[in-house]
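A.B. asks: Before I ask anything, let me first share the structure, which is written out below as structure tokens.
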Amino acid sequence: MMNSRARIVIVEDHALTRAGLRTALGTDFDVIGEASDGPSGLDLIAREQPDVAVVDIGLPGIDGVELTRKTRISSPATRVVIVTMIDIEREVLAALAAGADAYVLKTSEPERIVAAAQVARDGGAYFDPQIAHLVLARFGATRDAQRSATSPLSLRETQIVRLISEGIGNFDIAEQLHIGLGTVKGHIREILEKLSASDRTQAAVEALRRGYI
């Protein structure tokens, strides 16, 4: 029987971290290769054309941002997950601008890193909840003129997902929009379904990626 599991490579310069990623990701992916620096990682991705590449941002030789940018050319179908200790907003924005599909902190639990890779594999975008609202608020502000006229979201749903992107909780959304908390939760259920998102953060990222907010 043909193996249907997605193929993934790991580009990380620390052997211990690489081993941990291999163990965590191996439950859901076929880990087909590893590299410990940027140039060899780029060669690996170009040669293997994996479904997903998990990439450290602080690689020697070629950093993760530049590797992502070059991967978009050499292996456009490969989804890129940036994994890093760095939670500086400018670094995250640089990775996003280079074409990264997901960004997760190494300090996150292994399940979150696996989830980020799964979301990327399935064509979605994922940002660690610890930094997502900062990135979405900054990046979304430059997209106002590019919103899609074909958004499946209603005006109210668009308002709510924009507030979610700013890191605002359900109770405060209800207060700001002068609607009930139950109404907010109902709208969020609709938003998750329309955007095929698993949680509020992913919904905000998807809405941003598609130009709906």
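A.B. asks: Given the convex hull over the Cα atoms of the chain, what projected area results after averaging over all orientations, in nm²?
C.D. replies: Mean shadow area of the hull around the Cα atoms is 12.6 nm².
A.B. asks: Which value in deg cm²/dmol, rounded to the nearest 500, describes the helix-derived mean residue ellipticity at 222 nm for the chain, given -39,500 (n - 2.57) per DSSP H run of n ≥ 4 and division by the residue count?
C.D. replies: -16000 deg cm²/dmol
A.B. asks: What is the fewest-to-most order of 127, 29 by other Cβ atoms lying within 10 Å of their Cβ?
C.D. replies: In order of increasing Cβ crowding within 10 Å: 29, 127.
A.B. asks: Follow-up. Where does each of 196, 4, 151 land when they are ranked from fewest to most other beta-carbon atoms within 10 angstrom?
C.D. replies: Numbers: 196 12, 4 6, 151 18.
Listed from fewest to most nearby Cβ atoms, that is 4, 196, 151.
A.B. asks: Still on this structure, please answer the following. Round to the nearest 10 and give me the degree value, 0 to 90, for the angle of helix 155-165's Cα axis relative to the longest principal axis of the chain.
C.D. replies: Tilt of helix 155-165: around 50 degrees.
A.B. asks: Cross-link partners among lysines for residue 185, C-alpha distance below 25 Å, same-chain residues fewer than 8 apart left out?
C.D. replies: Counting by Cα, and skipping residues close in sequence, residue 185 has these lysines nearby: 194.
A.B. asks: Apply 1/(1 + (r/R0)^6) to the Cβ-Cβ distance of residue 23 and residue 46, taking R0 = 25 Å, and write down the FRET efficiency to the nearest 0.05.
C.D. replies: Calculated value: 0.45.
A.B. asks: Something else now. In nm, give the distance between the simple-model label positions of residue 13 and residue 155, each being 7 Å from the Cα along the Cα-to-Cβ direction.
C.D. replies: 5.3
A.B. asks: Please work out whether the stretch 7-127 counts as rounded, prolate or oblate from its C-alpha gyration tensor, where a ≥ b ≥ c are the square roots of the eigenvalues and a/c under 1.5 means rounded, while otherwise a/b larger than b/c means prolate and anything else oblate? Spell out each step's value before the answer.
C.D. replies: Numbers: a/c = 1.15, a/b = 1.03, b/c = 1.12.
Here the stretch 7-127 falls in the rounded category.
A.B. asks: Express the relative contact order of the chain as a whole percentage, based on alpha carbon pairs under 8 Å and six or more residues apart in sequence.
C.D. replies: Once normalised by length, the contact order is 15 percent.
A.B. asks: Reachable aspartates and glutamates from residue 70, Cα under 12 Å, same-chain residues fewer than 8 places away excluded?
C.D. replies: 43
A.B. asks: Which far-off residues, 5 or more places away or on another chain, put their amide H under 5 Å from the one on residue 82, with H placed in the peptide plane?
C.D. replies: Hits under the 5 Å cutoff: 55, 101, 102, 103, 104.
A.B. asks: 5 Å is the cut-off here: which amide hydrogens, built 1.01 Å from N in the peptide plane, fall below it relative to residue 212, excluding neighbours closer than 5 in sequence?
C.D. replies: 148
A.B. asks: Give me the Debye-computed log₁₀ of I(q)/I(0) at q = 0.16, 0.21, 0.25 Å⁻¹ for the stretch 24-93, equal point scatterers on Cα only, no solvent, two decimals.
C.D. replies: Debye output, listed in q order: -0.52, -0.88, -1.18.
A.B. asks: Enter the Cα centre distance for the pair the stretch 79-128 and the stretch 1-65, rounded to the nearest angstrom.
C.D. replies: Measuring centre to centre over Cα atoms gives 14 Å.
A.B. asks: While we're on this one: Using Cβ contacts closer than 10 Å as the measure, can you line up 25, 44 from fewest to most?
C.D. replies: Ascending number of Cβ neighbours within 10 Å: 44, 25.
A.B. asks: What is the helix-to-structure angle for 181-195, meaning the angle in degrees between its Cα long axis and the longest Cα principal axis of the chain, kept from 0 to 90 and rounded to the nearest 10?
C.D. replies: 40
Throughout, read-outs are computed from the coordinates displayed, never taken from laboratory work. Values in this document were obtained by computation on a predicted structure and should not be read as measured data. In this analysis, Cβ positions are derived from the backbone assuming ideal geometry, glycine residues included, and neighbour counts consider all displayed protein chains.
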